[in-house]
Amino acid sequence: MSNTRNNNLKKLSVLGLFIALGYICLFVFRFRVQFLTLDFKDVFITLAGFIYGPVAAVTVAFIEALLELITVSSTGFWGAIMNFAGSAAFAVTASLIYKYNKSFKGAIAALVSAVFSTTAVMMLANLIITPIYTHTDIKTVANMILPLLLPFNLIKSVLNAVFTFVLYKPVTQALRSMNILPKSENVFALNKRTVCGIITACVILIISVAVMIVLLGGDFEFVKHS
């Protein structure tokens, strides 16, 4: 009983840490692209899912969306739904696939799948929800898909996937060194293939940022909070 309680406390502590780090991202790394916002809270939501499974991912995604709604959000209730949908689509997809294939290839497949599923979900959500809180018609939103919505959501998902891939191993190693996670947990090893994967991920990161700058013509700004 005491061992189970101890494990539950460790799990709550880790989830609380990821929620806090994701929330901090809303203040430190948050950019506005027209009426859209780019942040990296999904990285920590996905890390929670990779470690504890899809239920943890959707729980953390909900809490993050709620915290954003009552503190820094400028899009209100509908924006919160969009935020939750995007985060949940990404983190749940990735963690569900990785749960059954905890390997290097499994991590790649999970994150690639998350990129495409999130982009698809956000396209649908934009067509349904964006006209409501922007007070515009569906045709206007549909005309924004190719020049803005599709590239933005695709690149945002790629960036979150890259950061998740790069951070997962160091984060889990740190948690194991503190005896928070089992040392025998089966995850992909930090070997030459993983290092090459990380280098490739960094190259993709640079290319994604460059593509966003070119496609959006520099029409983005850092969001400052007073």
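The values are calculated or read from the model by the stated rules, or taken from the named source; none is laboratory data. These figures come from a predicted structure and were not determined experimentally. All Cβ positions, even for glycine, are placed from backbone atoms using ideal geometry, and neighbour counts span all protein chains on display.
Pairs linking a residue in segment 165-181 that is more than 12 Å from ILE51 (Cα to Cα) and of a type in the set (Phe, Trp, Tyr) to a residue that is buried (at least 18 other Cβ atoms within 10 Å of the Cβ) and modelled with pLDDT under 90, with Cβ atoms under 6 Å and 6 or more positions apart or on different chains, are PHE165/ALA201.
All told, LEU66 falls short of being free of Cβ contacts under 8 Å to residues at least 12 places away in the same chain and surrounded by fewer than 19 Cβ atoms within 10 Å (Cβ to Cβ). Tallying residues that are farther than 20 Å from THR200 by Cβ, surrounded by 14 or more Cβ atoms within 10 Å (Cβ to Cβ) and more than 17 Å from the chain's Cα centre (by Cα) within segment 103-127 yields 2.
For LYS156, the criteria (1) touching a strand residue (DSSP E or B) at 6+ places or on another chain (Cβ under 7 Å); (2) at pLDDT below 90 hold in every case but one, which is (2). One residue alone among PHE44, PHE50 is of a type in the set (Phe, Trp, Tyr) and closer than 25 Å to LEU149 by Cβ, and that residue is PHE44.
Name the residue that is nearest to LYS169 (Cα to Cα), counting only residues in segment 74-87 that are in contact (Cβ under 8 Å) with a residue 40 or more places away in the chain, surrounded by 17 or more Cβ atoms within 10 Å (Cβ to Cβ) and small (Gly, Ala, Ser). Only one residue fits best here, namely SER87.
Quick test for you: out of THR140, THR136, pick the one residue that is free of Cβ contacts under 8 Å to residues at least 40 places away in the same chain and outside any helix (DSSP H, G or I).
THR136
Among the residues of segment 1-16, at least one is among the aliphatic types (A, V, I, L, M), surrounded by fewer than 19 Cβ atoms within 10 Å (Cβ to Cβ), without any contact (Cβ under 8 Å) to a residue 40 or more places away in the chain and not in a helix (DSSP H, G or I).
Exactly one residue out of THR134, THR140 is surrounded by fewer than 16 Cβ atoms within 10 Å (Cβ to Cβ), in contact with a Phe, Trp or Tyr (Cβ under 8 Å, 6 or more places away or on another chain) and closer than 21 Å to ARG32 by Cβ: that is THR134.
Restricting to segment 145-156, name every residue that is touching a Leu at 6+ places or on another chain (Cβ under 9 Å) and crowded, with 17+ Cβ neighbours inside 10 Å. Of everything in segment 145-156, those that are touching a Leu at 6+ places or on another chain (Cβ under 9 Å) and crowded, with 17+ Cβ neighbours inside 10 Å turn out to be LEU148, LEU149, PRO151, PHE152, ASN153, ILE155, LYS156. For VAL55, the conditions (1) surrounded by 14 or more Cβ atoms within 10 Å (Cβ to Cβ); (2) modelled with pLDDT of 90 or more are fulfilled apart from (1). Before we move on, is PHE104 among the aromatic types (Phe, Trp, Tyr) and closer than 20 Å to PHE29 by Cα? Judged against the criteria, PHE104 is not a match. Of the residues making up segment 38-63, those that are touching a strand residue (DSSP E or B) at 6+ places or on another chain (Cβ under 6 Å) and in contact (Cβ under 8 Å) with a residue 40 or more places away in the chain number 1. Close contacts from segment 107-126, counting a first residue that is farther than 12 Å from ASN153 by Cβ and a second that is outside any helix (DSSP H, G or I) and not charged (D, E, K, R), with Cβ to Cβ under 7 Å and a gap of 6+ residues or different chains, come to ALA107/PHE188; ALA109/ASN101. Of all the residues in segment 157-186, those that are loosely packed, with under 15 Cβ neighbours inside 10 Å and outside any helix (DSSP H, G or I) number 7.
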